[in-house]
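**Q** A single structure is presented below for examination.
The values are calculated or read from the model by the stated rules, or taken from the named source; none is laboratory data. For clarity, every value in this text was computed on a predicted model and none was experimentally measured. Quick reminder, even Gly has a Cβ in these numbers, built from the backbone with ideal geometry, and neighbours come from all protein chains shown. Accessible surface is based on the protein model in full, side chains and every heavy atom, while ligands, DNA and RNA are left aside. Shrake-Rupley method; radii C 1.70, N 1.55, O 1.52, S 1.80 Å.
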Amino acid sequence: MNLNLHDKTLIVTGAASGIGAEVARLARCAGARVIALDRNEPQISVHAYHQVDLGDPASIDQVIARLPGHIDGLCNIAGVPGTAPAELVGRVNYLGLRHLSEGLLPRLAGGCIVNAASILGAEWQQRLEAHKALAATAGFEAGSDWLDANPVEQATCYQYFKEAMIVWSYQNASPWFREHDVRMNCVAPGPVFTPILGDFVQMLSDERLERDGRHMKRPALADEVAAVVLFLCSDAARWVCGANIPVDGGLAASYV
């Protein structure tokens, strides 16, 4: 098994904090050339940093124009919590992620995309038709128009857009691998010790918090999730495509 990332160029969104920062740090330790995308400058050493607003397609297009012609991996880790306005959650956590991935797809031949999902996206089947309709929209503005016509409730917006991202990833994983030689997978963390852990807790009902608390050993450490992200970027995962891997200490499995 080859888990080293020597000479690979990885784009990491959300590299200034939390899981994204650990992905960037561990990737550098494994020999990768790391290019960080974030609103804020990372506090760790990276090969390059570009400021970007993932809720703004013009900002995304500008940063795409500045990125290398060949990229080995895109780690879509950035996101805003469900305590942010629902429109912003949709623009950053779904539309922006999709726009960046589609824009970089021609440069990723032989590489991979890893999307940060969530244990809260596990119920995507319950809203499958809506998620497929959103996925069928072409481009950022068309997706935004669809969401204007089909507004998402604030209380469930984080869950909704993680579900939507999982469905979009599933739909594109096989054709992108066949036609572009790009693998796409997701990781689905449970609660993680990051700066938005408090927001994560605030999003959940008291009933859900009590139930999860009985089944959870502890929240994850960010590097425990980052390690799985980097496995998916490595040659050891060269035949893993279209997966959504739980990284939750068994929390989701405890409900079976």
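**Q** In terms of modelled amide H atoms, which long-range or inter-chain residues lie less than 5 Å from the amide H of Gly242?
**A** Met184, Asn185
**Q** Label Ala155 and Gln62 with points 7 Å out from Cα along Cα→Cβ: what is the distance between them in nm?
**A** Going by the 7 Å Cα→Cβ label model, 3.9 nm.
**Q** Further, regarding this structure: Can you pull the accessible area of His215 for me, 1.4 Å probe, Å² to the nearest 10?
**A** 80
**Q** Moving to a separate point now. Extending each Cα 7 Å along its Cβ direction at Ala253 and His70, get the distance between those two points in nm, one decimal.
**A** Modelled inter-label distance: 3.9 nm.
**Q** Could you name the lysines in cross-link range of Lys132, using Cα to Cα under 27 Å and dropping any fewer than eight places away on the same chain?
**A** Partners found: Lys162.
**Q** Please compute the per residue accessible area over the chain with all protein chains in place, 1.4 Å probe, rounded to a whole number of Å².
**A** Per residue, the chain has an accessible area of 45 Å².
**Q** Quick one: give the max-minus-min coordinate of the C-alpha atoms of region 9-238 along each principal axis, largest first, in Å.
**A** 46, 39, 31 Å, listed from the longest principal axis down.
**Q** Ignoring any ligand, DNA or RNA, what whole percent of the accessible area of region 9-238 comes from carbon and sulfur when the probe is 1.4 angstrom?
**A** Roughly 49 percent, rounded to a whole number.
**Q** So for the chain, taking the charge dipole from beta-carbon charges (+1 Lys/Arg, -1 Asp/Glu), which of Gly79, Asn93, Gly69 sits furthest toward the positive end?
**A** Of the candidates, Gly69 comes out farthest on the positive side.
**Q** For region 9-238, give the magnitude of the charge dipole about the Cα centre (Cβ charges: +1 Lys/Arg, -1 Asp/Glu; no others), in debye to the nearest 20.
**A** Rounded to the nearest 20 debye, it is 680 debye.
**Q** Further question: In nm, give the distance between the simple-model label positions of Glu123 and Thr83, each being 7 Å from the Cα along the Cα-to-Cβ direction.
**A** 2.2
**Q** Under a 5 Å amide H to amide H cut-off, with H placed in plane at 1.01 Å, what residues pair with Gly249 once short-range neighbours are removed?
**A** Residues meeting the criterion, in which the H sits 1.01 Å from N, do not exist here.
**Q** Right, next: For Phe177 and Arg211, calculate 0.36 nm times their separation in residues minus their Cα-Cα distance, and state this gained length in nm to one decimal.
**A** Taking Phe177 through Arg211 to full extension adds about 8.4 nm, to one decimal.
**Q** Could I ask something else about it? Out of residues 5 or more away from Arg33 or on other chains, whose amide H comes under 5 Å of its own, with H placed 1.01 Å from N in the peptide plane?
**A** Asp7, Lys8, Thr9, Leu10
**Q** Would you kindly find the accessible area of Arg211, with a 1.4 Å probe and non-protein molecules such as ligands, DNA and RNA excluded, rounding to the nearest 10 Å²?
**A** Here the accessible area works out near 90 Å².
**Q** Report Phe161's accessible area, 1.4 Å probe, all protein chains in place, as a number in Å² to the nearest 10.
**A** Answer for Phe161: close to 0 Å² accessible.
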